[in-house]
Amino acid sequence: MQAVRNFFRPAWSSAERLHDKTVVITGANTGIGKETAIDLAKRGAKVIMACRDMERAQAAATEVIEVSGNNNVVCMKLDLADSKSIREFAEAINKGEPKLNILINNAGVMVCPYGKTADGFEMQIGVNHFGHFLLTYLLIDLIKRSTPARIVNLSSMAHAWGSINLEDINSEKSYDKKAAYSQSKLANVLFTRSLAKRLEGTGVTTYSLHPGVVQTDLWRHLNSPQQVLMKMVSPFTKNPTQGAQTTIYCAVEPSLEKESGGYYSDCAPANCSAAGKNDELAQKLWELSCRLLSITWE
């Protein structure tokens, strides 16, 4: 089985250092986020772990410090399901940090039962897209002052099965948890594409990615038959360390410095769906997002 696991490990490594760089990673207390934090801390970055559960975050930060040998690791409260929390976090970063070189929008929820965020968004589109859209908007001026800088958005191959329902973005007329998840992941790809165009010439680049099928806490909302199936296929999935590699690649790979707006998988450029390349749809989603979040972002 180990040989099978090795098949999925991307053949990529880099000695790139991140001294004097500041990184924010959302959802960094577990899974891919924590492994990303460990790697970037080992490279010398200041790592800010933005997490909802502060007890788990503190334990994770302690682990990141111990494993990386880097004491410049902190955790801060961020609930992406609540715009008030997002604004408070962003205000603290903007006031407390002189620079932000890398923003990794990693946190997410997957195939959860129907629920709404504090602002009335369906939970998956609310956390996975709207939360990160607002966070990026609130931090973008600091990021622009910190160039060269990067924004990395974690999507999924599930984006290819999704569509954006502009008339019912919150799935209020009907709810299919898998369709809602796929919609949110397609939104990540479209957001990255739109963002790249708006940031052209600023020194800020942006990337979306599929981390692989990874053994993480995201599986917790699967039903019993799905849990059994995932255990059966687990030898063919990635562990969190393997799953973090494409995120790390997009965050640090020097050759990507002039690339922006693309979609990546297994530490290489990958093809996204036709919908993920639809600039008209991307623009409509951007306008809808701004309207629903009551922000102006040209």
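FYI, it's all coordinate maths here, none of it is from the lab. Predicted, not measured: the structure shown is a model, and the values here were computed from it. Neighbour counts are summed over all protein chains in view; Cβ atoms, including those assigned to glycine, are modelled from backbone coordinates with ideal geometry.
Before moving on, here are some points about what is shown:
- Other-chain or far-sequence residues with amide H under 5 Å of Arg150's (modelled H): Ile102, Leu103, Thr205
- Shape analysis of the chain places it in the rounded category; the axes a ≥ b ≥ c from the Cα gyration tensor give an a/c below 1.5.
- Protection proxy ranking, peptides 90-103, 184-197, average beta carbon neighbours within 10 Å, highest first: 184-197, 90-103
- At R0 = 25 Å, FRET efficiency that the Cβ-Cβ distance of Thr241 and Tyr175 yields, to 0.05: 0.15
- Derived scalar couplings ³J(HN,Hα) [region 265-277; Karplus, 6.51 cos²θ - 1.76 cosθ + 1.60; whole Hz; x for Gly, Pro]: 8, 6, 6, 7, x, 9, 8, 9, 5, 4, 4, x, 10
- FRET E, pair Leu288, Arg198, Förster distance 22 Å, beta-carbon r, rounded to 0.05: 0.90
- Full extension of the chain segment joining Asn271 with Lys42 gains 79.4 nm, where the gain is 0.36 nm per residue of separation less the Cα-Cα distance.
- Label-to-label distance for Cys112 and Ala15 is 4.3 nm, based on points extended 7 Å past Cα in the beta-carbon direction.
- Whole-Å distance, taken between Cα centres, linking region 124-147 and region 54-118: 12 Å
- Cα-Cα over 18 Å, subset of Lys173/Lys284; Lys46/Lys95; Lys95/Lys258: Lys173/Lys284; Lys95/Lys258
- Size of charge dipole - the chain - debye, nearest 20, with Cβ of Lys, Arg +1 and Asp, Glu -1, no other charges: 380 debye
- Descending semi-axes in whole angstrom, ellipsoid equivalent of region 17-92, from the Cα gyration tensor: 21, 13, 9
- Taking 0.36 nm per residue of separation and subtracting the Cα-Cα distance, full extension of the segment from Thr296 to Glu280 would add 3.9 nm.
- Shape class for region 132-202: prolate, because the ratio a/c of the largest to smallest gyration tensor axis (alpha-carbon atoms, square roots of eigenvalues) is 1.5 or more and a/b beats b/c.
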